[in-house]
Amino acid sequence: MASSLSPDSRSVLVVEDDPTLLFLVMEMVELEGMKAHGAADAEEAVGVLQVYEDIAALITDVEMPGPINGIELAHFVQSRWPQIKIFITSGRQRLSLATMPVGATFFPKPFGLTEIRRVLDLAGFPVRASASG
């Protein structure tokens, strides 16, 4: 059902255990005119996904507290919500394509508005043209 929503009505779920970084990434998404939902771990992220049908993209860190890491979350999301575009980020490790879900995109930390715009563009969101970032 979420795939039938217009680009302007879709949202992004950001999963990051660092509260400051979670806030900053959500702010960058919202700066581009999109709605953002946040979660501090995989369990909270699944709860958000079950409530909001408008989520079109997932940005998740690899390392987070709890029994499920970002890679496992990404695989679960792909199997349950295949229409959601998946973006995986980490500042500590590089990932092999074999560990990531098919079609997922990796981008390393640190990142800024330019990378968030790229993620939103790849997810099919209309991005604002700007030289800053």
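Could you run through region 38-50 and say how many residues are buried (at least 20 other Cβ atoms within 10 Å of the Cβ) and either touching a Phe, Trp or Tyr at 6+ places or on another chain (Cβ under 9 Å) or part of a helix (DSSP H, G or I) (or both)?
Within region 38-50, residues that are buried (at least 20 other Cβ atoms within 10 Å of the Cβ) and either touching a Phe, Trp or Tyr at 6+ places or on another chain (Cβ under 9 Å) or part of a helix (DSSP H, G or I) (or both) number 3.
Could you list, in sequence order, the residues of region 1-27 that are at pLDDT below 95 and crowded, with 20+ Cβ neighbours inside 10 Å?
Selection gives R10 alone.
Please go through (1) farther than 20 Å from P19 by Cα; (2) assigned to a loop (DSSP other than H, G, I, E, B); (3) free of Cβ contacts under 8 Å to residues at least 24 places away in the same chain for M100 and return the number of the only condition it doesn't satisfy.
(3)
Would you say I71 is outside any helix (DSSP H, G or I), out of contact with any Asp or Glu (no Cβ under 7 Å at 6 or more places or on another chain) and either surrounded by 13 or more Cβ atoms within 10 Å (Cβ to Cβ) or in contact (Cβ under 8 Å) with a residue 60 or more places away in the chain (or both)?
Judged against the criteria, I71 is not a match.
Looking at the structure I just gave you, is D61 buried (at least 20 other Cβ atoms within 10 Å of the Cβ) and of a type in the set (D, E)?
For D61, the condition - buried (at least 20 other Cβ atoms within 10 Å of the Cβ) and of a type in the set (D, E) - is met.
Does E53 satisfy the condition of being over 22 Å from D18 (Cβ atoms) and part of a loop (DSSP other than H, G, I, E, B)?
Yes.
What's the number of the condition A40 fails, among (1) in contact with a Leu (Cβ under 9 Å, 6 or more places away or on another chain); (2) over 14 Å from I88 (Cα atoms); (3) at pLDDT below 95; (4) of a type in the set (A, V, I, L, M, F, W, C)?
Failed condition: (3).
The values are calculated or read from the model by the stated rules, or taken from the named source; none is laboratory data. Predicted, not measured: the structure shown is a model, and the values here were computed from it. Virtual Cβ from ideal backbone geometry, glycine too; neighbours counted across all protein chains shown.
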